[in-house]
1. Scan segment 523-532 residue by residue and report those that are surrounded by fewer than 18 Cβ atoms within 10 Å (Cβ to Cβ) and under 30 Å from residue 601 (Cα atoms).
2. Before we move on, is residue 679 surrounded by 19 or more Cβ atoms within 10 Å (Cβ to Cβ), at negative phi and touching a residue at least 24 places away in the same chain (Cβ under 8 Å)?
3. Quick one: how many residues across segment 525-561 are without any contact (Cβ under 8 Å) to a residue 40 or more places away in the chain, more than 39 Å from the chain's Cα centre (by Cα) and either under 30 Å from residue 453 (Cα atoms) or part of a loop (DSSP other than H, G, I, E, B) (or both)?
4. Can you find a residue that is touching a helix residue (DSSP H, G or I) at 6+ places or on another chain (Cβ under 7 Å) and on the phi < 0 side of the Ramachandran plot anywhere in segment 643-660?
5. Name the residue, out of 923, 910, that is in contact with a strand residue (DSSP E or B) (Cβ under 9 Å, 6 or more places away or on another chain), over 18 Å from residue 829 (Cα atoms) and modelled with pLDDT under 85.
6. Would you pick out the residues in segment 576-604 that are surrounded by fewer than 13 Cβ atoms within 10 Å (Cβ to Cβ), assigned to a strand (DSSP E or B) and over 30 Å from the mean Cα position of the chain (by Cα)?
7. Residue 719 versus (1) touching a strand residue (DSSP E or B) at 6+ places or on another chain (Cβ under 6 Å); (2) under 20 Å from residue 776 (Cα atoms); (3) surrounded by fewer than 19 Cβ atoms within 10 Å (Cβ to Cβ): which is the lone unmet condition?
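The values are calculated or read from the model by the stated rules, or taken from the named source; none is laboratory data. These numbers come from a predicted model, not from an experiment. Glycine gets a Cβ as well: all are built from the backbone with ideal geometry, and neighbour counts include every protein chain shown.
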């Protein structure tokens, strides 16, 4: 902590010293020459006279007055522009000092007859709701990418992960010339296209796909950036080759990557391949997987809505340990016949091998003490996956469209797991358990959907038909060998079984929605939905026979169930949209028929539910850059097959789950309120939000502690509400304008509050009754950050996040876990002569010791590097870096789940040395 204190103190003192630089001001007022009307929001820009590079800009206030900073270090050109008026130009010589231009009269373009106007590039233009930047007016390094260009544009910021924020909002989509570029991942554009290929950058809020299809504005917006390429840069090829290896015999770390992207007009082809074990596999995999249309899954929500999600990486064993992975993909996109037809096809392959070692400490409160356990788990895994996606769009005419999607995947997993654990009651050993598992599984999925939209001559009137389907199958076999020893009474239970499990699912959904405008501001939508879902699960367990073969069928731990659901739902939605106020009320009435059959017992169970699921959203647009949003959502969530039926399992002898056929749906009421404003000209903004979810009849688990601290968990509807909440706020602004140093401050809080019951039967001579247990966890933290991104000299980002975390239960409040937390993350780049850069990342994490977890955790990860660019176009980069210099990168987490407070430590990639070479090639004519 002493080192961190010195860093903070040095940074604060350094920033204070930087403010001492002298600056001068240019002031004036802008009016219409004809009638002296104040020209509010006129754009005022200061450019370098020698190269027209933008230095600073602002806008006139409501009185037409402006003030702009003059660094006074060279000659400048002041430009003032206003729509439909001629531009005003004024040269500002070095040493001018403070300058008051007085009243500046602007002449209407209609009155400019035969006058010669000076023409030039305007760095920033506001066209309605779109902000447009001229790329050539902003300085970036040679061979820089779009991401580097965005970092120097006013009102746009990019963090270390590539996340883009524009005008205070997160950018979710980046287009190239108005079209998706190899998918919808912003990083595919920002980290692959060179900035010198770009003509203009536009920032705007894109309407939702549903609003664009139907013509009915639902108020949903996606912050979007459109990169407009130079005309001679729209055809060509670019890509990279990258290879790196560890420089010592012990590490064995490596990274290899090859990618090629070719496009001509609307046709785009790409291919990539990655092989690595250096800890960047997961991030690079997510980026590369977006080389094509995302694998969107369409899911019917319990509240009657449709959720479209991206499945991300389909290999699940790369988040911890030291994964060794290879992945590759091929994508093709094209549009023809005036873009009436659009086709997007891609295929992906991935394979990952990993070994993860995890130590887990868990504690559960009892009426007369504490149950705690410690386990060590080793998991060796291999996953191999294939995935295919295609999307076809057909525009019959300007009013009629059809979209077809097909996706298929196959993932094969191989796992070997060894687990050893001990359980204690009040620090006295009660049981020991050992478990070995070998699992081979294959999962296959096939999804398809079609969406047809017809808009009519009357604006806002439309009909939308949708059909989706899914077929899935999972097959697995498992060898299970486990032992549970009760130390108190000296008994031991041994399981040696082979399990053969099969699960098949299928579902179809058909929906129709008709929208009718009542007035220009009000429209009504009426919809109907039918869903039929089927699931068949067969789990067969076999013990060894006398000959040592697994042929003895175990009825107790085998089952065969069918679980079918038929849903009929109706929706009535009312929408109101004006310039200042937007309102939506959706009424959803749903009827669900559930049917379950136990094929072994030849018994069945059926039930039906009629539920009302309303949604409401209110938005007040105070201005174009300031809004207040309020929403409410009520949803009824049905219990799952596992929660209803007594599907006995014995994989984990310490924890046995039991279904409850009397479970009711839980009802969640969700409330959200948020406020947002952003001043683009001053590049500052504020955001805040609060949310609360109250769940009635929440499905929880009551726990019975058996001898040896074995737990039986029973699903029940809680008679007390479960409450979850959050709070966030943030303010970002320019701290030192001349040096382009920005600052952000914020605060966050979260709350989880729920109930269950615990019954202690661990001592047969003293069996206790059920006791109510209230589980509460909350976290409060603040954040302060500083950043400078100019691509010149020293650039950096550093943040500090102090916080306080509480994990507690009411059964044993004296053993709750609560304590101070602190985190800090930073990066820096120092640009030296001879095309050399010094780089580095800092990651610090601290968690204080608590009463229940009496050891603190501290980790300081520092990864410095140095890189040099070669060749005339700087396309060859040599990079040497050290990951985790101090060898402290150990995985760590603390959490509360159910009634247990848990701490985990696991292996991660630590110190290694690597030299990496990257060659970025291009045949794009616009890349100068």
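1. If the condition is that a residue be surrounded by fewer than 18 Cβ atoms within 10 Å (Cβ to Cβ) and under 30 Å from residue 601 (Cα atoms), then 532 is the only one that fits.
2. no
3. 5
4. yes
5. Matching residue, one of 923, 910: 923.
6. Selection gives 603, 604.
7. It is condition (1) that residue 719 fails.
Let's see how each residue does on (1) touching a helix residue (DSSP H, G or I) at 6+ places or on another chain (Cβ under 8 Å); (2) at pLDDT below 90; (3) within 24 Å of residue 364 (Cα to Cα):
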residue	(1), (2), (3)
729	no, no, no
740	no, yes, no
744	no, no, no
756	no, yes, yes
768	no, yes, yes
